[in-house]
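Read the structure below first, then the notes.
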Number of protein chains: 2
Amino acid sequence: MPSRSESQQRISRLQEKLLASGVQAALLLMPSDIYYFSGTRQNSVLWVPSEGPPMLLVRKSLVRARDEGMIDDIRPFPSSKELSGLLGMEGDKVGMTFDAVPVQQHLWYSKVLPCRSFTDVSMMVRELRSVKSPAEIELLRNSADKLISVFRQVPSFLKAGMCELDLAAGMEYRLRRIGHEGYVRMRAFNQELFGGMAVSGGAASYGFFDGAVTGKGLSSASPQGASLDLIRENEPVLIDFAGVFDGYIIDMTRIFVIGSLDAELLRAFERSLAIQEAVRRAMVPGAIGEEIYRQAAAMADDAGLGGYFMGMPGEQSRFVGHGVGLELDELPVLAQGFAMPLQAGQVVAVEPKFVLPGKGAIGIENTFVVTSMGGQKLTDMPDDIVVL
Amino acid sequence: MPSRSESQQRISRLQEKLLASGVQAALLLMPSDIYYFSGTRQNSVLWVPSEGPPMLLVRKSLVRARDEGMIDDIRPFPSSKELSGLLGMEGDKVGMTFDAVPVQQHLWYSKVLPCRSFTDVSMMVRELRSVKSPAEIELLRNSADKLISVFRQVPSFLKAGMCELDLAAGMEYRLRRIGHEGYVRMRAFNQELFGGMAVSGGAASYGFFDGAVTGKGLSSASPQGASLDLIRENEPVLIDFAGVFDGYIIDMTRIFVIGSLDAELLRAFERSLAIQEAVRRAMVPGAIGEEIYRQAAAMADDAGLGGYFMGMPGEQSRFVGHGVGLELDELPVLAQGFAMPLQAGQVVAVEPKFVLPGKGAIGIENTFVVTSMGGQKLTDMPDDIVVL
């Protein structure tokens with residue numbers, strides 16, 4: 001959890017942004033936002049006025065929120081009448097994260113606080129959270145080290161003839177034993193993820209998940225990740241897993257093969273590495289996410305692989321990297337439409353991948369910190385294909 | 001996935017309800033709702049007019065939605081202009097599930113379809129989904145059998161001196177190997193769950209999760225479920241796990257002990273069984289959820305255990321059962337404030353539990369179908385404490 005001084009700094013930065021935007025307070029309802037600012041993820045609501053001390057109103061558990069929380073004013077969630085007295089001053093604009101808060105919540109607070117008008121501060125909060133402190137980068141590095149320790153064990157349990165599910169279960173079990181927290185938070189509406197992907201060959205690359213590789217999953221109800229398909233020799237086994245420790249999510253992908261891969265797959269892999277290196281060099285403060293993505297896509301085109309970049313034909317995702325932190329889908333995004341300049345301390349999972357129909361998914365993923373020297377790699381493990 | 005005829009029946013039932021409520025169409029955005037009606041959980045939007053054929057508009061993956069979907073009209077998600085032409089008829093009320101849809105989505109559709117006014121159909125959709133068909137009950141029974149097969153293995157890997165995390169990981173791994181889909185869908189804003197709870201002794205009973213037992217978890221960022229606390233002899237080991245197979249969630253709890261339990265814990269356990277039996281008998285069509293809860297709470301009071309029922313003092317949850325299906329928190333709820341009569345075919349996890357400070361959490365949970373004969377148990381395993 002954040003230290004008390006770090007929690008105070010985060011709140012001060014939010015208050016500066018609120019003041020600069022003419023928003024009188026933020027009413028934060030999302031657990032990840034509440035944890036980031038207060039140090040506790042209990043069922044609660046965090047009130048941050050643009051000036052003055054914040055207040056955490058707790059539904060459950062008040063005792064635990066007080067044990068863990070880094071702010072002074074932590075109290076039980078009041079009755080609606082009391083809430084109105086507490087927060088219902090006339091004519092003030094109040095920020096709420098409209099990207100994630102359900103309509104019913106918005107309607108309820110609008111009814112209880114009729115003098116208030118609510119405005120969307122999703123981007124403000126997400127941008128603020130995207131810049132990691134040194135302490136957060138240490139937590140991410142710790143997550144990376146733990147995730148890598150399990151990637152290194154893959155050769156001991158990956159066997160031809162096992163199914164994707166057994167491989168995924170082997171990853172999940174080893175991660176869990178060393179403290180993986182399990183639940184991978186995603187912010188985007190309509191997304192959900194369990195653990196990661198362990199997929200083999202070419203059959204598994206279409207689905208709802210907004211990534212290059214989705215996985216077939218086990219049923220149409222859960223159409224994602226590992227399936228019962230068997231892992232065969234001489235095809236790429238792509239393992240893309242998130243590690244979650246102390247709340248912080250790291251993301252990486254490596255390719256394994258039992259036997260060898262054909263020349264076209266190897267050429268695509270080499271192109272992934274070249275794109276990753278170009279993206280890494282470009283990850284300096286001030287760089288524009290969509291320009292980095294366009295450069296990456298052009299490099300795929302130049303190699304004649306544009307049709308297979310970030311998904312199979314007709315299923316391509318239009319990005320090459322995404323922020324990570326307390327959520328898997330943080331800012332910045334290296335994608336079409338993201339024109340905000342990068343900032344030092346942002347942390348981005350860069351994942352150039354190709355899906356070659358009938359052959360399989362191949363590529364690389366590492367998590368980097370944006371610095372003036374370019375991306376600094378947190379997932380400190382060689383990028384090479386691991387040949388068994 | 002539902003058969004074509006079952007999908008059609010589900011849509012017809014929704015259409016009847018829309019017509020009866022004067023709502024001209026439903027625009028469904030939640031993956032669980034979309035899967036229930038269409039048979040596919042791709043990133044898509046399901047349009048169900050009160051009369052006439054439904055339409056699925058797919059962002060990703062269109063190919064997979066067409067492979068899996070049980071409705072005829074499946075098309076790519078249109079441009080906003082086309083969407084306006086397609087759905088933007090004058091003056092119609094359109095239903096949306098305000099309980100779960102974010103404000104940004106609501107605002108976007110309100111802008112693209114300015115002639116429409118949106119209304120909340122959360123309860124309509126949730127009530128409809130709460131009544132399970134015979135095919136759904138078979139899926140739930142299958143989930144139960146698989147979950148039970150892992151509960152039966154617990155004596156082979158539960159040892160004194162192991163930590164809660166190792167016990168949880170052992171459950172998760174065995175479940176995953178037999179096809180557990182991993183991600184446990186919850187509908188309520190602010191809730192999240194990984195796998196289940198494997199908790200021992202008395203330290204683990206406060207937290208945000210809306211249940212009797214929360215678990216300490218591994219950090220304040222993920223304050224739920226198994227912790228690093230050691231499992232000791234002569235204390236109750238409570239294992240509360242969800243099984244998810246083919247999308248359908250079953251929920252059960254059993255108590256294990258290495259050694260023996262003291263008389264007060266055993267008395268609380270016997271009371272849990274008596275409450276469960278009273279609830280089971282009461283689970284007939286027409287019964288009222290909050291009355292069943294009040295009866296259960298009164299039975300806890302009569303035994304002098306009211307202060308420990310469904311949580312430790314100050315942390316008590318006010319329910320004794322919750323619906324399960326595609327989500328862990330479906331209707332009906334056996335809780336204060338739920339006055340809707342039960343219907344035959346609803347499926348409810350009944351979980352009377354006590355948390356005795358300093359001693360531990362103890363109780364029982366089984367999943368039952370509401371029938372005219374009372375609750376019919378799906379989790380067909382003896383309720384007894386398993387003594388090792």
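Residues checked against (1) crowded, with 24+ Cβ neighbours inside 10 Å; (2) farther than 22 Å from B:SER32 by Cα:
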{"position": "A:ARG177", "(1), (2)": "no, yes"}
{"position": "A:HIS180", "(1), (2)": "yes, yes"}
{"position": "A:MET197", "(1), (2)": "yes, no"}
{"position": "A:GLN224", "(1), (2)": "yes, no"}
{"position": "A:LEU228", "(1), (2)": "no, yes"}
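Taking the stretch B:66-86, which residues are hydrophobic (A, V, I, L, M, F, W, C) and either within 16 Å of B:PHE37 (Cα to Cα) or surrounded by fewer than 13 Cβ atoms within 10 Å (Cβ to Cβ) (or both)? Explain how you work it out, then say what you get.
As a first pass, look at the stretch B:66-86 and keep what is hydrophobic (A, V, I, L, M, F, W, C): B:70-71, B:74, B:77, B:83, B:86.
The answer is B:MET70, B:ILE71, B:ILE74.
Among A:MET373, A:MET299, which is crowded, with 20+ Cβ neighbours inside 10 Å, modelled with pLDDT of 95 or more and more than 20 Å from A:ILE255 (Cα to Cα)? Answer to the check: A:MET299.
Tell me, please, whether a residue that is part of a helix (DSSP H, G or I), surrounded by fewer than 22 Cβ atoms within 10 Å (Cβ to Cβ) and either of a type outside the set (Asp, Glu) or modelled with pLDDT under 95 (or both) can be found in the stretch A:313-332. For the stretch A:313-332, residues part of a helix (DSSP H, G or I), surrounded by fewer than 22 Cβ atoms within 10 Å (Cβ to Cβ) and either of a type outside the set (Asp, Glu) or modelled with pLDDT under 95 (or both): absent. Out of (1) of a type in the set (Val, Ile, Thr); (2) in contact with an Asp or Glu (Cβ under 8 Å, 6 or more places away or on another chain); (3) surrounded by fewer than 18 Cβ atoms within 10 Å (Cβ to Cβ), what's the single condition that is false for A:VAL355? With respect to (1) of a type in the set (Val, Ile, Thr); (2) in contact with an Asp or Glu (Cβ under 8 Å, 6 or more places away or on another chain); (3) surrounded by fewer than 18 Cβ atoms within 10 Å (Cβ to Cβ), A:VAL355 is out only on (3).
Has the stretch A:224-238 got any residue that is in contact with a helix residue (DSSP H, G or I) (Cβ under 8 Å, 6 or more places away or on another chain), over 21 Å from A:LEU334 (Cβ atoms), of a type in the set (Val, Ile, Thr) and assigned to a loop (DSSP other than H, G, I, E, B)? Checking the stretch A:224-238: at least one residue is in contact with a helix residue (DSSP H, G or I) (Cβ under 8 Å, 6 or more places away or on another chain), over 21 Å from A:LEU334 (Cβ atoms), of a type in the set (Val, Ile, Thr) and assigned to a loop (DSSP other than H, G, I, E, B).
Considering the stretch B:147-199, and only residues there that are in contact with a strand residue (DSSP E or B) (Cβ under 7 Å, 6 or more places away or on another chain) and more than 14 Å from chain A (Cβ to nearest Cβ), the residue that is farthest from B:GLY360 (Cα to Cα) turns out to be B:LEU147.
Note on the stretch B:39-87: residues that are within 21 Å of A:GLY314 (Cβ to Cβ), of a type in the set (Gly, Ala, Ser) and free of Cβ contacts under 8 Å to residues at least 24 places away in the same chain total 2. Residues in the stretch B:44-54 that are farther than 21 Å from B:SER21 by Cα and surrounded by fewer than 23 Cβ atoms within 10 Å (Cβ to Cβ): B:VAL45 alone.
Yes/no per residue for (1) within 12 Å of chain A (Cβ to nearest Cβ); (2) not basic (Lys, Arg):
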{"residue": "B:GLY201", "(1), (2)": "no, yes"}
{"residue": "B:PHE208", "(1), (2)": "yes, yes"}
{"residue": "B:SER220", "(1), (2)": "yes, yes"}
{"residue": "B:ASN234", "(1), (2)": "no, yes"}
{"residue": "B:LEU238", "(1), (2)": "no, yes"}
{"residue": "B:MET252", "(1), (2)": "no, yes"}
{"residue": "B:ARG267", "(1), (2)": "no, no"}
{"residue": "B:GLY289", "(1), (2)": "no, yes"}
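In this structure, A:ASP262 does not satisfy being within 30 Å of A:GLU136 (Cβ to Cβ) and touching a residue at least 40 places away in the same chain (Cβ under 8 Å).
All of (1) closer than 17 Å to B:ARG185 by Cα; (2) away from every other protein chain (no Cβ under 14 Å) hold for B:ASP33 with one exception: (2).
For every residue, the table says whether it meets (1) surrounded by 22 or more Cβ atoms within 10 Å (Cβ to Cβ); (2) in the same structural domain as A:PRO49 (by TED's automatic domain parsing); (3) under 19 Å from A:SER32 (Cβ atoms).
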residue: A:PRO102; (1), (2), (3): yes, yes, yes
residue: A:LEU107; (1), (2), (3): no, yes, no
residue: A:SER110; (1), (2), (3): no, yes, no
residue: A:ARG141; (1), (2), (3): no, no, no
residue: A:ILE148; (1), (2), (3): no, no, no
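The values are calculated or read from the model by the stated rules, or taken from the named source; none is laboratory data. Keep in mind that this is a model prediction, so the values were computed, not measured. Cβ coordinates were reconstructed from backbone atoms using ideal geometry, including for glycine residues, and neighbour counts include every protein chain displayed.
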